[in-house]
Amino acid sequence: MIRVIVVGNGMVGYKFCEKFIAKSGQEKYQITVFGEEPRRAYDRVHLSEYFGGKTADDLSLSTSEWYAENNITLNTSELITDINREEKTIHTHLEKTHTYDYLVLATGSSAFVPPIDGVEKEGVFVYRTIEDLDAIMAYAKKIKQKGATEAAVLGGGLLGLEAAKAVRDLGLNPHVVEFAPRLMPRQLDKGASDMLQSKIEELNIGIHLNKATQYIDGKERITGMMFAEDELLKVDMLVISAGIKPRDELARVSGLEVGLRGGVVVNNQMQTSDPSIFAIGEVALYNQNIYGLVAPGYEMADVAAEQILNGSKTMRETIDMSTQLKLIGVEVASFGDPFVENDAVTAIIYENKLSGIYKRINVTKDSKTLLGGILVGDSSDYNSLFQIYSNAMALPKNPEDLILGSRDGSEGSSLGSVLDLPDTAVICSCENVTKGSICCSLLDETCSNFSDVVKHTKATSGCGGCKPMVSDLVKATQKSLGKEVKDVICEHFSYTRQELFDLVKINKYENFYEVIDHHGKGDGCEVCKPVIASIFSSIYNDTANKHVTTQDTNDRFLANIQRNGTYSVVPRVAGGEITAEKLIVIGEVAKQFDLYTKITGAQRVDLFGAHLSDLPKIWKILIDNGFESGHAYGKSLRAVKSCVGNAWCRYGMDDSAGFAIELENRYKGIRSPHKLKGGVSACIRECAEARGKDFGLIAVEGGWNLYIAGNGGANPKHAVLLAEKIDKETVIKYMDRYLMYYIRTAGPLVRTATWLEKLDGGLEYLKEVIIEDSLGICETLEAEMQTLVNTFECEWKQVLEKPRLLKRFNHFVNSEEKDDNVVFVPLRDQKAPKAWS
């Protein structure tokens, strides 16, 4: 047998083994792996999930049987101390010697610790291994018992921000300290860094940029960090995550060539200066660079395995460093050259500070080539943009559509069909899986569905960012084969939402169990139960009170649950118009129940911090004073925003406020696949932002322009024009048809914008259905909508009128006591939930 020894049992070392045993000819080889840590290889990319409750076994990349099943010998807790290159042997700290024919160095990297006075003090940690995390958790628990609250993370890069999240999850107040003038300086420009900073600071994480730490303050343990100009940041713990340092000490003592700043020099075959020794991952210096991402490491592992097995594969000359990830709940991505600026390049930038979104793309002056870009706050376009960039695909006529979306409704995705991608397009960068390999696995019948493809190709098994595109490719390929592709709602029903809607309506089912007994299997789940409850509401106008046990938490308690287990109360304020008397009532309720109050973007008042058992008492007062539920918790109409209209505004061309009130009262309470928002503006100045809503009206000379399928939020879409210069009666007729058609045909949790984008024929087809009645269903749609309008009931009023419905509003089943674990802290003359600990 030919002996291959792998030194290092991290993600890349494991990937080398996985790649090696999948190749032909490997039967003649015996692989032996040595790792310093006491466990199997684990997923360091998702290391912060260890703080969220995942165990080392959960993060493990393999099972305990995997190595034996594949004839691989794994030695853990064993350090390699020397290599004898002449005799081709290695020596371990257990005084054992092993012979190799090929040696693979996959020793990875260690945390870079800057030479700062005092880094050896108690309370200073690095963030690299599970053992590091265990030590951080133990120390955090210890200092919290003494009342300590502040912790710093040195480093504002990817790992530093991950570490800040971990510190926050431990119940400490994190401060991120970065030497550079912006966060993630390798990936983000100043605008993107500013946006990320504002999003992170909203989470009460302090950001300190341009800070050079002079020394760690404290006698034996850390008490602070001293910056230049005697600026002291008092902290009780410090986690250093300021970069990586290649673990090349073994290469140095054995005489292998290393770079001036570290790293084992390798060629494009991943060979070191000794042809029998390979280096892969973060210890390898390839093209004068150390690559700290997992995708290049996996590619190096594949090349090394191929070379040892006498294959021909080599590393690409240029390594792509595109990145997509979620940091502390904020989506961040960069690709290509995110910073390029010269006379031949135009940067197109979209910034929305209200939504916390920053997007930048760099295109050539002739608008033909995408060179790179940055996304913060919303990275849903990343996969499309990355494919357009990496495959040098043609850009749309207006390149800004790539980040703003098409604004005339005539185009769908900026990428077009995923099948238009070349077969060589890399879909999964982590596993280097191409579009060709995904499609071929379906075309040659090796795979038959998404799960098969994942298992066969390993696509999506790394960071998971490619999952939407792999799913689209699987569906498109199945369609090309003439196979039926359905978006079934879950494993318990082999039907789409639209099919279940028809089944319920035709068979007149009235509860979940009738539906699952006749058309499903098992007991149902948290996905299908609320969907079917919503269908009952859309057909019969059943309120959430009729199907309590199948609703999600918010619909079950008719309120939005907040981060500390309390609830918010949102009475309806149609069109944003409210009398002084009603405002006083809201204020009195807030004072009586000590609620935090906030005026929302939907022109109403949210009351936060209500205990579950107080909800009926609060709503009793509100309903007695003429309020109704605002349905802020439901997948239904939230609000119709309006400007003041021509009653007050000298530019107003019509009564926008009056029309908004009429529309909100018409469609209130109607359940739909997702939430609905509307807007009415009295002129083209658009003070009500009607074109950012699911439906919007703008008064113009000669009537109203009706826009549909827009939304704000994480992925904003401009609404598109459905009809122009129409009167109010026609507006309501088209609105009835449009909303009812959406309710009948959209999938679960699909907003109107996405529904229209995926609708075959798009806007033009919808105009044919809604305006020209091409399907002959408009009369039915109008009648169904009118039935819903005529049968509206306020569900909070129902609760108060039926005592049996009140029973569910207690925190404890057997007691009327409130949850005494709920703790508030002061916040700008009001209160907020105390941070989790």
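The values are calculated or read from the model by the stated rules, or taken from the named source; none is laboratory data. Treat the numbers as computed from the prediction; the structure is a model and nothing was measured. Cβ atoms come from the backbone with ideal geometry, glycine included; neighbour counts cover every protein chain shown. Each accessible area value is taken on the protein alone, full model and side chains, heavy atoms only, with ligands, DNA and RNA left out. Shrake-Rupley method; radii C 1.70, N 1.55, O 1.52, S 1.80 Å.
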Based on the Cβ-Cβ distance from residue 230 to residue 76, what FRET efficiency comes out when R0 is 51 Å, to the nearest 0.05? 0.60
Debye intensity ratio I(q)/I(0), log10, region 210-348, q values 0.10, 0.13, 0.19 Å⁻¹ (C-alpha model): -0.57, -0.83, -1.06
Quick one: net charge of residue 205's neighbours, Cβ under 11 Å, K/R +1, D/E -1? +1
Looking at the P(r) of region 735-837, how many percent of alpha-carbon pairs lie beyond 17 Å? 72 percent
When Lys and Arg each count +1 and Asp and Glu each count -1, what net charge do the other residues less than 9 Å away from residue 535, Cβ to Cβ, add up to? +3
Compute the acute angle (0 to 90°) between the alpha-carbon long axis of helix 294-308 and the principal axis of greatest extent of the alpha-carbon atoms of the chain; round to the nearest 10°. 40 degrees
I'd like the antiparallel share, as a percent to the nearest 5, of DSSP beta bridges with both residues in the chain. 65 percent
On the Cα set of region 1-150, report Rg and Dmax in Å, please. 18.5, 61
GluC sites (Glu not before Pro) restricted to DSSP loop in region 21-109 with at most 14 other C-beta within 10 Å: 65, 86, 87, 95
In nm, the gap between the two label points placed 7 Å beyond Cα toward Cβ at residue 786 and residue 368 is 5.9 nm
Can you give the helix-only mean residue ellipticity at 222 nm for the chain, where every DSSP H stretch with n ≥ 4 adds -39500 (n - 2.57) and the sum goes over all residues, rounded to the nearest 500 deg cm²/dmol? -8500 deg cm²/dmol
Once the convex hull of the C-alpha atoms of region 64-154 is built, how many Å³ does it hold per residue, rounded to a whole number? 179 Å³
For region 440-586, what number results from the quotient of the Cα radius of gyration and 2.2 N^0.38 Å? 1.45
Mind grabbing the base-10 log of I(q)/I(0) for region 299-433 at q = 0.20, 0.21 Å⁻¹? Debye formula, identical points on the C-alpha positions, no solvent, two decimal places. -1.24, -1.33
Full extension from residue 423 to residue 727: what is 0.36 nm times the residue separation minus their Cα-Cα distance, to one decimal in nm? 104.3 nm
For region 637-780, the Cα-Cα pair-distance distribution in 10 Å bins from 0, as whole percents, is 12, 45, 34, 8, 0
Using the Karplus curve 6.51 cos²θ - 1.76 cosθ + 1.60 with θ = phi - 60°, what ³J(HN,Hα) values do you get for each residue of region 31-42, in whole Hz, with x for Gly and Pro? 9, 10, 10, 10, x, 6, 6, x, 9, 5, 4, 9
Region 228-304 - Debye-derived log10 I(q)/I(0), Cα point model, q = 0.13, 0.16, 0.24, 0.25 Å⁻¹: -0.46, -0.59, -1.08, -1.16
Mean accessible area per residue over the chain (1.4 angstrom probe, all protein chains present, square angstrom) is 46 Å²
Roughly what would the spin-label model give for residue 319 and residue 491, points 7 Å off Cα along C-beta, in nm? 3.9 nm
Rh_Kirkwood(region 91-198) over Cα pairs, Å, one decimal, evaluates to 16.6 Å
Calculate the translational D of region 499-573 in whole µm² s⁻¹ from Stokes-Einstein, where the hydrodynamic radius comes from the Kirkwood formula applied to all Cα pairs, the temperature is 37 °C and the viscosity 0.692 mPa s. 245 µm²/s
For 594, 194, give the ranking by accessible area with the largest first, probe 1.4 Å. 594, 194
Remind me, relative contact order of region 56-129 in percent, using alpha carbon pairs under 8 angstrom and six or more residues apart? 15 percent
In region 497-543, the trypsin sites (Lys or Arg not before Pro) that fall in loop regions by DSSP, at most 12 other Cβ within 10 Å: 508, 521
Using only the alpha-carbon atoms of region 421-508, report the extent along each of the three principal axes, biggest first, to the nearest angstrom. 50, 28, 21
Remind me, relative contact order of region 573-680 in percent, using alpha carbon pairs under 8 angstrom and six or more residues apart? 30 percent
Expected-Rg normalisation [2.2 N^0.38 Å, Cα atoms] applied to region 573-699: 1.11
Could you please put 581, 201 in sequence from largest to smallest accessible area, using a 1.4 Å probe? 581, 201
GluC sites (Glu not before Pro) within region 116-195: which are DSSP loop residues with at most 11 other Cβ atoms inside 10 Å? 120
Please report the accessible area of residue 518 (heavy atoms, 1.4 Å probe, ligands and nucleic acids excluded) in Å², nearest 10. 120 Å²
Among residues other than residue 255 whose Cβ falls under 13 Å from its Cβ, what is the net charge (Lys/Arg +1, Asp/Glu -1)? -4
So what is the relative contact order of region 651-707, in percent, for Cα pairs below 8 Å that sit 6 or more residues apart? 31 percent
Carbon and sulfur together cover what percent of the accessible area of the chain at a 1.4 Å probe radius? 48 percent
Using a Förster distance of 45 Å, how high is the FRET efficiency between residue 204 and residue 451, based on the Cβ-Cβ distance and rounded to 0.05? 0.65
From highest to lowest solvent-accessible area (probe 1.4 Å; ligands, DNA and RNA excluded), 598, 582 read 598, 582
For region 528-614, alpha-carbon Rg relative to the globular expectation (2.2 N^0.38 Å, N residues): 1.25
Can you give the FRET efficiency to the nearest 0.05 for residue 548 and residue 54, using r as the Cβ-Cβ distance and R₀ = 35 Å? 0.60
Taking Cα atoms only, helix 190-201 is inclined relative to the longest principal axis of the chain by an angle, in degrees rounded to 10, of 70 degrees
Excluding residues fewer than 8 positions from residue 728 in its own chain, the aspartates and glutamates with Cα under 13 Å of it are 654, 655, 662, 736
Give me the aspartates and glutamates in straight-line cross-link reach of residue 529: C-alpha distance below 20 Å, same-chain residues under 8 apart excluded. 487, 491, 499, 502, 510, 514, 517, 542, 552, 555, 795
Roughly how tilted is helix 467-480, in degrees to the nearest 10 and between 0 and 90, from the longest Cα axis of the chain? 70 degrees
With eigenvalues of the C-alpha gyration tensor scaled by 5 and rooted, region 637-713, Å: 21, 13, 10
Give the Rg (one decimal place) followed by the Dmax (whole number) of the chain, computed from C-alpha coordinates and expressed in Å. 30.2, 94
Neighbour count of at most 10 Cβ within 10 Å plus DSSP loop: longest chymotrypsin sites (Phe, Trp or Tyr not before Pro)-free window in the chain: 1-647
